[in-house]
1. In whole angstrom, how long is each semi-axis of the equivalent ellipsoid of the chain, when you take the square root of 5 times every eigenvalue of its Cα gyration tensor and sort them from largest down?
2. Over the stretch 279-359, with a single point scatterer placed on each C-alpha, what log10 of the ratio I(q)/I(0) does the Debye formula yield at q = 0.15, 0.24 1/Å?
3. Set the bar at 27 Å for Cα to Cα. Now go through Lys22/Lys340; Lys136/Lys216; Lys314/Lys340; Lys136/Lys181 and name every pair that lies beyond it.
4. Taking R0 as 35 Å, what's the FRET efficiency between Leu315 and Asp64 from their Cβ-Cβ distance, rounded to 0.05?
5. Checking the cross-link filter: which lysines have an alpha carbon closer than 21 Å to that of Lys34, excluding same-chain neighbours under 8 positions apart?
6. What does the extension gain come out to for Lys184 and Ala84, with contour length at 0.36 nm per residue minus their alpha carbon separation?
7. Roughly speaking, what is the stretch gain from Asn263 to Val300, that is 0.36 nm per residue apart minus the C-alpha to C-alpha distance, in nm to one decimal?
8. Do you know the relative contact order of the stretch 3-274, to the nearest whole percent, from alpha carbon pairs under 8 angstrom that are 6+ apart?
Amino acid sequence: MKKYGIIMAGGGGTRFWPLSRKALPKQFLNLTGKDILVNETFDRLSGVVEKENIFVVTDALYADKTYELMRGRVTGERVLKEPAARNTAACIGYAAMEILTRYGDGILCVVPSDHYIRRGELYAETLRQGMKLAEKNDCLVTIGIVPSYPATGYGYIKSGRTKDTGGFSQTCREVEEFVEKPSKEVAEEYLREGGYFWNSGIFIWKASVILQAFEKLLPDVYEYLSEIGRAIKSGNERQVLEEVYPRIPKISIDYGIMERADNVVMLEGRFDWSDVGSLDALALLHPLDAGGNVSLGKHVFIDTEGTICYAKSKLLAVAGVKDLIIVEADDVVLVCAREKAQEVKNLVEQLKKDGKEEYL
């Protein structure tokens, strides 16, 4: 069965403000010093799926930027343009319907555009095993990351007993529960108890199987997807997509399907992984100095510990502080406690309320 890659690249990355902006959201930033995140994702996925079978789903507003920054990787028909942001269920359902209608059934490997992954050989092997598992068993496969510390910025998967995978090398488990982002105390208990994994947001399934799950569990969403499918066949896709897509209910694939389906299994991911969800993730992407600091750009530190600094053009002079995030982005300077990194998105909401759209 043919294999396809689906890269979800429509998010706004508000927890990475002020580096991530409306005009250039997080997936188009070079945070590692190597390449922009979406290109790193494409290159990683191309080790498992043929390049010509990799699709990028993004907001129509970012289509031109996608073509520009991913030149040489994706062609026009491989960029699926969402007329409105409707969360991950709509994004994934649209991609599945597009592929099933145009190319026939196949295995879809769905990945976010903004992950940072090391030990790529383990990543590739896990995806290959997941594709074999999905093809053989008609199941919905998710990847759970073996946790290395009690993270509070990730959702968790509570796993059950191991399952027979028919000789596949990766450990496969039943899924008992998807858990929201926990407090530090709860996360520490998860690690002590065992059987809990970080929810990577990486999924593998047949296009037909995930659409059957939509029909059963999200029938209102499935009706809209079916209408889009009929339009693809009739050659009227863009017009119908513009009319229908904004009416699709906003719901994540986790809430809408994964937490409710009875054919979900989890493969253990033992590669190094970060979802690069907030600015404190910069400490995972770059080496620390003797004081546990990370600094990108011009800086001088005195008596500073555990602090993340990012300077685009100015010198950051920092003295006598601990566990801060400081970002200089030309027109904005952000200062926040490192433990509050997840709350940067609330600043974005406040700027909207205050009518300061020019800073977004």
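Throughout, read-outs are computed from the coordinates displayed, never taken from laboratory work. Model, not experiment: these values are computed from the prediction. With ideal geometry, Cβ positions are generated from the backbone for all residues, glycine too; neighbour counts draw on all protein chains shown.
1. Values: eigenvalues 234, 130, 68 Å².
Taking √(5λ) for each Cα gyration eigenvalue gives 34, 25, 18 Å.
2. Ignoring solvent entirely, the Cα scatterers give -0.54, -1.16.
3. Working: Lys22/Lys340 22 Å; Lys136/Lys216 21 Å; Lys314/Lys340 24 Å; Lys136/Lys181 32 Å.
From the list (Lys22/Lys340; Lys136/Lys216; Lys314/Lys340; Lys136/Lys181), the Cα-Cα distance tops 27 Å for Lys136/Lys181.
4. On the way: r = 34 Å, r/R0 = 0.98.
Between Leu315 and Asp64 the formula returns 0.50.
5. Once the sequence-local lysines are set aside, what remains near Lys34 is Lys26, Lys51, Lys65, Lys298, Lys312.
6. Values: separation 100, 0.36 × 100 = 36.00 nm, distance 3.49 nm.
Here the segment from Lys184 to Ala84 would lengthen by 32.5 nm.
7. Numbers: separation 37, 0.36 × 37 = 13.32 nm, distance 5.40 nm.
Result for the pair: 7.9 nm of gain on full extension.
8. Working: 512 pairs, mean separation 67.4, N = 272.
Relative contact order of the stretch 3-274: 25 percent.
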